[in-house]
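Reading through the structure tokens given below for one structure.
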Amino acid sequence: MKEIEELQKMIDEAKNIVFFGGAGVSTESGIKDFRSKDGLYNQKYKYTPEMMLSAGFFYSKTEEFYKFYKDKMNCLDKEPNITHKYLADLEKTGKLKCVITQNIDGLHTKAGSKTVYEIHGSIYRNYCIKCNKFYDAEYVFNSKGIPKCECGGLIKPDVVLYGEQLGEDFNLAINSVMKADLMIVAGSSLSVYPASSLIHYFRGKKLVIINLDTTDYDRLADLVINKKLGEVFSKLKC
Ligand SMILES: [Zn+2]
């Protein structure tokens, strides 16, 4: 386990760590990777998931959007795994400054992480598009048909749909990446722009990529580990 020892040494020596995670962080919690072969993107639906998760679809075919969303995006019963828990513990030591995630499942917060930048949003936040009133995830997933606000307005999940800009969390993530001395990227194929561009803001000493498959950014990394995240994070100490 030479590579895990090497990663441990980097964590021990670092003072300002950022973690940037993709769908692979949640797969061991039973949440399917959108883009894997048996993931969401290859399931049979009348429209492609990219279409159904677009802003245009949300506003024009709202009922069908919510049918798909409630069917496939409800992960309220899912629990954090060893990777989420390790990161929450590492934050408590003061070394890990933030978790940046592409996932909308809220599992880092559930695991106890405090500073989490959810650059694609979260199913846990929902707002009326008319009066901006907040609604929790239970309200949305338990609603019949299209979830409506008490003012009659349409409720929209605070998740970044295709065709929408990334929110303020992305700017905060960039700031953190620029200040970090160790960046750990895990469970992401790094194929989704602009999230993948975060790596280009890193000016620190060590870049680590942990992913089952190779990524286009491997050549930039000081250490690449092609293993399941659970295998790696279960062996690390804070
Ligand atoms: Zn309202």
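The values are calculated or read from the model by the stated rules, or taken from the named source; none is laboratory data. From a predicted model like this one, the values you see are computed outputs, not experimental measurements. Counting neighbours? That spans all protein chains shown, and the Cβs are built from the backbone with ideal geometry, glycine included. Note: accessible area is taken over every heavy atom of the protein model, side chains too, but ligands, DNA and RNA are not part of it. Shrake-Rupley method; radii C 1.70, N 1.55, O 1.52, S 1.80 Å.
The residues on offer are 166, 161, and the sole one that is in contact with a helix residue (DSSP H, G or I) (Cβ under 6 Å, 6 or more places away or on another chain) and either exposed (fewer than 13 other Cβ atoms within 10 Å of the Cβ) or more than 28 Å from residue 12 (Cβ to Cβ) (or both) is 161.
Is it fair to say residue 118 is of a type in the set (D, E, K, R), away from the ligand (no atom under 16 Å from the Cβ) and within 15 Å of the chain's Cα centre (by Cα)? Answer is yes for this residue. Total residues in segment 140-187 satisfying the condition of being away from the ligand (no atom under 16 Å from the Cβ) and not in a helix (DSSP H, G or I): the figure is 19. Sub-7 Å Cβ pairs linking a first residue in segment 220-237 that is closer than 17 Å to residue 190 by Cβ and touching a residue at least 40 places away in the same chain (Cβ under 8 Å) to a second residue that is among the polar types (S, T, N, Q) and buried (at least 17 other Cβ atoms within 10 Å of the Cβ), at least 6 apart or interchain, are 229/83, ordered by first then second residue. One residue alone among 90, 154 is among the aliphatic types (A, V, I, L, M) and over 29 Å from residue 199 (Cα atoms), and that residue is 154.
Quickly run through segment 196-213 and pick out the residues that are under 20 Å from the mean Cα position of the chain (by Cα) and either assigned to a helix (DSSP H, G or I) or at pLDDT 95 or above (or both). So that I can check it myself, show each step before the final result.
Initial filter on segment 196-213 (under 20 Å from the mean Cα position of the chain (by Cα)): 196-202, 207-213.
Of everything in segment 196-213, those that are under 20 Å from the mean Cα position of the chain (by Cα) and either assigned to a helix (DSSP H, G or I) or at pLDDT 95 or above (or both) turn out to be 196, 197, 198, 199, 200, 201, 202, 207, 208, 209, 210, 211.
Selection over segment 87-139 of residues that are β-branched (Val, Ile, Thr), open to solvent by less than 20 Å² (accessible area, probe 1.4 Å) and in a strand (DSSP E or B) gives a count of 4.
Mind checking which residues of segment 129-139 are of a type in the set (A, V, I, L, M, F, W, C) and more than 7 Å from the ligand (Cβ to nearest atom)? It would help to see each step written out before you state the result.
Residues of segment 129-139 of a type in the set (A, V, I, L, M, F, W, C): 129, 131, 134, 137.
Of everything in segment 129-139, those that are of a type in the set (A, V, I, L, M, F, W, C) and more than 7 Å from the ligand (Cβ to nearest atom) turn out to be 129, 134, 137.
Using the structure shown, decide if residue 222 is within 16 Å of the ligand (Cβ to nearest atom), surrounded by fewer than 20 Cβ atoms within 10 Å (Cβ to Cβ) and acidic (Asp, Glu). Answer is no for this residue. Within segment 150-167, residues that are in contact (Cβ under 8 Å) with a residue 24 or more places away in the chain sit with their Cβ atoms under 7 Å from residues that are part of a loop (DSSP other than H, G, I, E, B) and within 16 Å of the ligand (Cβ to nearest atom), at 6+ positions apart or across chains, in these pairs: 153/129; 153/130; 153/131; 154/129; 154/146; 155/147; 155/149; 156/129. Mind counting the residues in segment 49-86 that are open to solvent by 30 Å² or more (accessible area, probe 1.4 Å) and either under 23 Å from residue 144 (Cα atoms) or of a type in the set (A, V, I, L, M, F, W, C) (or both)? Result for segment 49-86: 16.
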